[in-house]
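The values are calculated or read from the model by the stated rules, or taken from the named source; none is laboratory data. Note that the coordinates shown come from a computational prediction; the quantities given were computed from them, not determined experimentally. Cβ atoms come from the backbone with ideal geometry, glycine included; neighbour counts cover every protein chain shown.
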Amino acid sequence: MKRMILIASAALLTLPSLGCTSEEAQNIATLEGDATAGKPLYDSMCAGCHGADGKGGSYDVDLVAELHHSDEEIIDVILSGDGDMPAYSDQLSDQEIADVVAHVRVTLGGQ
Ligand code: HEC
């Protein structure tokens, strides 16, 4: 019985480490992003603040320098916003978010 409790609490302790990114972001990250489709979305919705080249626009946030973050982490910022960054979960479909991330990673970041 004591052993069962130990196993159960060990399982509980490991759960949060799996959940650093949202389930929605993890689902979107499994979609195949189309960088070509993402470009016009990025240019109209993101480039004002982040620059057409991703290296900073009206806000000095260099997305290309932030590509060491996982797709899931990047998607979570796009879904939920962060500070002055607006949330896009109501404005972009899952596929559109995957396309925008592909544009930033592949076209702008060369990855
Ligand atoms: C109104 C200006 C604005 C717009 C529009 C905007 N962002 Fe941002 N974005 C920011 C700011 C400011 C931050 C930094 C947030 C912080 O760290 O406080 C940020 C952070 C980010 C980050 C995280 C970078 C890091 O520091 O890890 C990503 C990724 C990102 N934006 C992508 C996008 C994408 C993709 C779009 C378009 C769908 C977009 N942003 C539109 C202002 C904006």
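Overview of results
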quantity	calculated
Selection from segment 42-62 of residues that are within 17 Å of GLN91 (Cβ to Cβ) and surrounded by 18 or more Cβ atoms within 10 Å (Cβ to Cβ)	TYR42, CYS46, HIS50
Qualifying residue in segment 56-66 (condition: β-branched (Val, Ile, Thr) and near the ligand (Cβ under 8 Å from one of its atoms))	yes
For GLN111: the one exception among (1) outside any helix (DSSP H, G or I); (2) in contact with a helix residue (DSSP H, G or I) (Cβ under 6 Å, 6 or more places away or on another chain); (3) within 7 Å of the ligand (Cβ to nearest atom)	(3)
Sole exception among (1) among the small types (Gly, Ala, Ser); (2) modelled with pLDDT of 95 or more; (3) under 12 Å from GLU72 (Cα atoms) for ALA35, by number	(3)
Residue ID - nearest to the chain's Cα centre (by Cα), chosen from residues in segment 63-85 that are within 20 Å of ALA52 (Cβ to Cβ) and loosely packed, with under 14 Cβ neighbours inside 10 Å	ALA65
Search result, residues across segment 46-75 that are on the phi > 0 side of the Ramachandran plot and touching a helix residue (DSSP H, G or I) at 6+ places or on another chain (Cβ under 8 Å)	GLY54, GLY56
Some residue of segment 86-109 being surrounded by 19 or more Cβ atoms within 10 Å (Cβ to Cβ) and more than 14 Å from the chain's Cα centre (by Cα)	yes
Total residues in segment 89-108, condition over 20 Å from ASP53 (Cα atoms) and within 7 Å of the ligand (Cβ to nearest atom)	1
Residue match in segment 24-38 (condition: within 10 Å of the ligand (Cβ to nearest atom) and of a type in the set (A, V, I, L, M))	no
